[in-house]
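Student: First, the structure itself, so that you have it in front of you.
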Amino acid sequence: MMEVSDVLKDAWAAVEAADLPGEIQPVAFREAVRLLSPASSATTSAMLTSGHSTDSAPGTVEPEGSAAHAPIAEREIYDRVVEHTGVDRAKLEHLVHMDDDGPHMSVPGLKLGKSNAERARAVAQIIIMVRSFGIGENETPLEVIRAECERLKVYDSANFSSQVRALNGYVVTGSGQNRRVRAKSAAVQSFSGFVDSLLTD
């Protein structure tokens, strides 16, 4: 079986050799990893953009640049979230796992709150933080959060959008299928405490 590092190196080499436009390199890399990885591999091919700058103010995420994307290992995703939010790593790993599509919740939806509204907001906060700081995604598509809520059976179609908009410290932009959510500084600073309270409850 190929080592994870070998799969990532070979996939990235293939993308570079193809001389593709920068905007489609992330998709090409993901597909290359899927083609090269064994079907049973638990490797995460999450993408790290050049979005995080060491000069950024705490709690902010820089817009994606035009530089080529590079792969990031699953452990590094957790490292980055811990570094930027102060969340307990063991608790984060208990709540989240990675696959080819990015982060997903590892706990049942029923354990994420007392109502579907609370559960949907918990899913949104965790997925946004991991995608933002872990894989460098400036804004998380609302459809990604919706799909995860549906998978966990905590999705309330009539109220989902308003549930997410009610989150303190988060901003929803765009319209229709193009709505995206990003975290503001206050949400980043309170994330560790939120995870603590979630697991304590």
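Student: Do you know which residues across segment 145-175 are surrounded by fewer than 16 Cβ atoms within 10 Å (Cβ to Cβ), in contact (Cβ under 8 Å) with a residue 40 or more places away in the chain and closer than 24 Å to Val188 by Cα?
Tutor: Ala166, the sole residue that qualifies.
Student: Also: Return yes or no: is Ile72 over 12 Å from the mean Cα position of the chain (by Cα) and of a type in the set (Val, Ile, Thr)?
Tutor: Considered against the rule, which asks whether it is over 12 Å from the mean Cα position of the chain (by Cα) and of a type in the set (Val, Ile, Thr), Ile72 comes out as yes.
Student: Hey, could you check segment 81-90 for residues that are surrounded by fewer than 22 Cβ atoms within 10 Å (Cβ to Cβ) and within 16 Å of the chain's Cα centre (by Cα) and say which is farthest from Ala186 (Cα to Cα)?
Tutor: Arg89
Student: With respect to the numbered conditions (1) under 17 Å from the mean Cα position of the chain (by Cα); (2) surrounded by fewer than 16 Cβ atoms within 10 Å (Cβ to Cβ); (3) modelled with pLDDT of 95 or more, which one is the sole condition not fulfilled by Gly193?
Tutor: (1)
Student: Please find, among Ala17, Ala68, the residue that is at pLDDT 65 or above, surrounded by fewer than 17 Cβ atoms within 10 Å (Cβ to Cβ) and more than 22 Å from His104 (Cβ to Cβ).
Tutor: When all the criteria are applied, what remains is Ala17.
Student: Among the residues of segment 24-45, write down those that are at pLDDT below 65 and either in a helix (DSSP H, G or I) or in contact with a Pro (Cβ under 8 Å, 6 or more places away or on another chain) (or both).
Tutor: Step one: of segment 24-45, the residues at pLDDT below 65 are 38-45.
Residue satisfying the conditions is Ser45 alone.
Results for (1) more than 26 Å from Val27 (Cα to Cα); (2) free of Cβ contacts under 8 Å to residues at least 40 places away in the same chain, shown as yes or no for each residue.
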site: Gly86; (1), (2): yes, no
site: Lys91; (1), (2): yes, no
site: Met105; (1), (2): no, no
site: Lys111; (1), (2): yes, yes
site: Ser115; (1), (2): yes, yes
site: Glu137; (1), (2): no, no
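Student: How about segment 114-140: which of its residues are under 16 Å from Ser190 (Cβ atoms) and touching a Lys or Arg at 6+ places or on another chain (Cβ under 8 Å)?
Tutor: Ile128, Ser132, Phe133
The values are calculated or read from the model by the stated rules, or taken from the named source; none is laboratory data. Here the structure is a predicted model, which is why all the values come from computation and not from measurement. For neighbour counting, all protein chains shown are included, and Cβ atoms are generated from backbone atoms with ideal geometry for every residue, glycine included.
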